[in-house]
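First comes the structure, then the notes that go with it.
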Amino acid sequence: QVQLVESGGGLVQPGGSLRLSCAASGSVAMINAMGWYRQAPGKERELVATVISSDGNTNYADSVKDRFTISRDNAKNTVYLQMNSLKPEDTADYYCNAKVRQLFTTLVRDYWGQGTQVTVSS
């Protein structure tokens with residue numbers, strides 16, 4: 001099994017910053033990509049940012065470009081999301097995603113963290 005554990009959410013004022021972390025553990029042979037998604041109340045889950053493990057290529061939602069930065073530490077199977085200039089509309093539950101090939105298999109599966117809440121409010 002593979003587990004993703006997130007941390008770093010909380011309450012922050014508009015214009016503030018937060019840093020989310022997500023660490024993968026368990027029977028991990030290879031992680032192809034990791035990313036962050038978010039879901040606000042009454043809305044569908046949406047992509048925030050992703051990073052490819054092999055080359056570091058990143059992809060961002062237009063709404064967070066130039067404010068959020070995704071990075072990864074392959075040795076620690078960890079992905080980070082630095083969120084700056086936060087806005088009230090960034091308020092959501094943030095979920096970590098990893099595309100993982102487990103040990104002794106060739107299949108790549110999606111795994112999700114339990115979610116961490118980010119609230120941007122004055």
message: Amide H of residue 53 versus every other amide H placed in the peptide plane: which residues, excluding those fewer than 5 positions away on the same chain, fall under 5 Å?
response: 33, 34
Efficiency of FRET between residue 71 and residue 25 - r from beta-carbon atoms, R0 22 angstrom, step 0.05: 0.70
- request: With θ set to phi - 60°, apply the Karplus curve 6.51 cos²θ - 1.76 cosθ + 1.60 along the stretch 19-35 and write out the HN-Hα couplings as whole Hz, x wherever there is a Gly or Pro.
  value: 10, 9, 10, 8, 10, 9, 8, x, 8, 9, 8, 7, 10, 6, 7, 9, x
P(r) histogram, all alpha-carbon pairs of the stretch 1-64 included - 10 Å bins from 0, percent: 16, 44, 33, 7
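Please state the equivalent ellipsoid semi-axes for the stretch 46-100: what are the square roots of 5 times the Cα gyration tensor eigenvalues, largest first, in whole Å?
On the way: eigenvalues 85, 27, 21 Å².
Semi-axes (√(5λ), whole Å): 21, 12, 10.
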- prompt: Using the Karplus equation 6.51 cos²θ - 1.76 cosθ + 1.60 (θ = phi - 60°), what ³J(HN,Hα) coupling, rounded to whole Hz, does each residue of the stretch 82-99 give in order, writing x for Gly and Pro?
  reply: 8, 10, 10, 6, 5, 10, x, 6, 7, 4, 4, 8, 9, 10, 8, 10, 9, 9
- request: Identify which of 98, 24, 75 has the largest mean-square fluctuation in a Gaussian network model of the chain, with springs joining Cα atoms closer than 10 Å.
  value: 75
Coarse-grained scattering of the stretch 78-120 at q = 0.14, 0.16, 0.22 Å⁻¹, given as base-10 log I(q)/I(0) from a Debye sum over alpha-carbon atoms: -0.47, -0.56, -0.81
- prompt: Short version: ³J(HN,Hα) in whole Hz for each residue of the stretch 104-114, in order, from phi by Karplus 6.51 cos²θ - 1.76 cosθ + 1.60 (θ = phi - 60°), x for Gly and Pro, what are they?
  reply: 6, 9, 10, 7, 10, 10, 8, 10, 10, x, 7
Amide H within-cut-off set for residue 29, under 5 Å, with H built and near neighbours excluded: 101, 102, 103
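At a Förster distance of 25 Å, what's the computed FRET efficiency of residue 63 paired with residue 112, Cβ-Cβ distance as r, to 0.05? Before the final figure, lay out the partial values.
Details: r = 21 Å, r/R0 = 0.84.
Calculated value: 0.75.
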- prompt: Check residue 16: other-chain or 5+ apart residues with amide H under 5 Å from its amide H, H built from backbone geometry?
  reply: 86
message: For a Förster distance of 25 Å, can you work out the FRET efficiency between the beta-carbons of residue 39 and residue 13, rounded to the nearest 0.05?
response: 0.70
- line: quick shape note, the chain: Cα extents on principal axes in Å, largest first -> 49, 26, 23
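How much accessible area per residue does the stretch 1-119 have, counting only protein heavy atoms and a probe of 1.4 Å, in square angstrom? Please report the intermediate quantities before stating the final value.
Values: 6410 Å² over 119 residues.
On a per-residue basis, 54 Å².
The values are calculated or read from the model by the stated rules, or taken from the named source; none is laboratory data. Everything numeric here is computed off the predicted structure, so don't read it as measured data. FYI the Cβ positions are ideal-geometry reconstructions off the backbone, even for glycines, and counts take in every protein chain you see. SASA here: full protein model, heavy atoms, side chains in, ligands and nucleic acids out. Shrake-Rupley method; radii C 1.70, N 1.55, O 1.52, S 1.80 Å.
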